[in-house]
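Note sheet for the following structure.
The values are calculated or read from the model by the stated rules, or taken from the named source; none is laboratory data. Just so it is clear, the model here is predicted, and its values are computed rather than measured. We place every Cβ from the backbone using ideal geometry, glycine too, and count neighbours over all the protein chains shown. Surface accessibility is based on the protein's heavy atoms, side chains included, excluding ligands, DNA and RNA. Shrake-Rupley method; radii C 1.70, N 1.55, O 1.52, S 1.80 Å.
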Amino acid sequence: MSLKMQEPVFSSEKQDKEWSRPNPINTISAHTLGRISEVMILDSQCGLLVLKRSLHNIPHRKAHQVFSKHIKLLGQKYLNPYFRDEGIDFFYLSKNDIFLVAAHPSPGTDVPISIVVYLDFLQRLYEILKDCIGTVNEPYVTVNKMLLFEILDEIMNFGYGFISSYNEIRPHLTFEPIRPKIPQQDDLASRFFGINIADGARLHAGSSEPKSKAPNSAYINIVEGLSAVFGPNGDVRSSELWGKLTLISTLERPAPLLIQLNPELVILNSGFTDVRVAGAIHIENPSFHSCVDSSQLSKRKALRVLPPPDQTRLMVYTLSDSACIHLPIIVIPLLAAVEGSRDYKFSLRLINQAENFATASYVRVKVKLPLWVSSVSTTKSGERQTSVFDSVEKTAEWEIKRSPGGSEEIIIFRLINQTDKPIELSNIGPISIAFNMTHFSASGLVVKMARVEGQPTDPMSLPPECFFGVSTKAASYTIRTDLQKDATSPT
């Protein structure tokens, strides 16, 4: 019997069928993308140290209460890094003597949740905190609460964590890290009696006077970012600023807060710049958080706020009229040829025009030099100055650690020129300047007074306290030496 190989049969239906694009995905679960409603930092006893609420879709303190219940029932050793209870999904990491906790409402339908996304976010948050305050434990977190509120406010955006490193967030921070003073442990007491003096001092610090003032208080802060372009003679070619009024509230009871701003405040519309008032403080196009009642701003220059229990941006504003902006730092460059040499002396004169109570910290001036400058030697006017020359990038950097208001600093760079090519001032630059100035507002906007309405009638309870702060930082501060070609160096 012979075997005949059967020929393959091709379906004409499959051959003639046209390829069609698959249907697009209409929705993506927020859990798949790692959305977070709340981030908490708790101590070893589940005491709440820092809370950041991004979405406000979980009742206040409910997530804290549910998580604390599970820790007390099971203990951290037996509690999974992810669990669900009372309609809330919890993810946490235990670091040193604190817990980093993320919480989000459970999805309506049970969908696969990428636990790695949440735990990776918490690990990145831990690395950012470690890079910022050095040691992430209860004492360091306790004394740096305001800084941690600010960090979480920058990291969390509509429930998503976008920032992955401390370097990204550092330029936007106004608070400086604080190192707590922890007494050394008594070895003899620890060895014979099992008493840890350091831990006892840490627990006792929780009831000390500085920490007792942190609850039931409101910190109101104004931060302004400056952008300015200067000519080679120190003349202002353009300037603008953006500002934000933020509030950090740890009030024990929800109570309205009345914030009084400058009585001479004038609010401008960017489309009408002819309404500028002499001697007034000006801002443009303010926008407000939903918790702010701005109906009294025009007449009484006051804002009435029902503060949420975390950090909130109450108002964001701009100012594009250069005549209304006070620029605190001016740098004037000067170039002169060295007699009998091909070298040039390039000097920078930094003038701090602010009042003497305002201080600029870590002022950094970076200068782009011509490619034919082979090396640089410097002469400084003060001990708080440092300078660096990058021979590859052909840049010189000048840093002043502290510049009080009303002071001047000078540095002289000798540009070593081994060619016959001359150097003109227009060949140098641009010159960029960075600084952060405390107790200074470029627009002049400040908080004059703030008080919490509805003071407690109990004479034994402490009244709420309000603290104010203001600072200005350089966002884009540049000197363009090529804007005026005839501004060449004197000989």
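A few notes on this one:
- Residues whose amide H comes within less than 5 Å of that of residue 97, counting only those at least five positions distant or on another chain, are 138 (H built at 1.01 Å from N in the peptide plane).
- Legend: calculated FRET efficiency, residue 392 to residue 236, from the Cβ-Cβ distance at R0 = 35 Å, rounded to 0.05, equals 0.60.
- Per-residue Karplus couplings for region 85-96, computed as 6.51 cos²θ - 1.76 cosθ + 1.60 with θ equal to phi - 60°, are listed in order as 7, 6, x, 10, 8, 10, 9, 8, 10, 9, 10, 6 Hz, Gly and Pro entered as x.
- Once backbone amide H atoms are built at 1.01 Å from N, residue 106 has 88, 89 as its partners under 5 Å, excluding neighbours fewer than 5 places away on the same chain.
- Our coupling estimate for region 44-52, obtained by passing each phi through the Karplus curve with A = 6.51, B = -1.76, C = 1.60 and θ = phi - 60°, is 5, 9, 6, x, 7, 9, 9, 9, 10 Hz, Gly and Pro reported as x.
- Whole-Hz couplings from phi, Karplus 6.51/-1.76/1.60, listed for region 258-265; x for Gly and Pro: 9, 10, 9, 9, 4, x, 8, 5
- Between residue 226 and 473, 474, 475, 476, the built amide H atoms are under 5 Å apart, and every one of these is 5 or more places off in sequence or on another chain.
- Separation of the residue 345 and residue 267 label points, Cα + 7 Å toward Cβ, nm: 5.4 nm
- Potential extension, residue 168-residue 378 segment - 0.36 nm per residue separation minus Cα distance: 72.5 nm
- Pair-distance distribution of region 358-439: all C-alpha pairs, bin width 10 Å, starting at 0; shares per bin in whole percent are 17, 46, 27, 9, 1.
- Just the protein heavy atoms count here, and of the accessible area of region 215-304 at 1.4 Å, carbon and sulfur take up 49 percent.
- Nearest-0.05 FRET efficiency for residue 478 and residue 419, computed from C-beta distance (R0 35 Å): 0.80
- D_trans [Stokes-Einstein, Kirkwood Rh over alpha-carbon pairs] for region 56-169, 10 °C, 1.306 mPa s, µm² s⁻¹: 104 µm²/s
- Region 238-357 - Kirkwood radius from inverse mean 1/r over Cα pairs (Å): 17.8 Å
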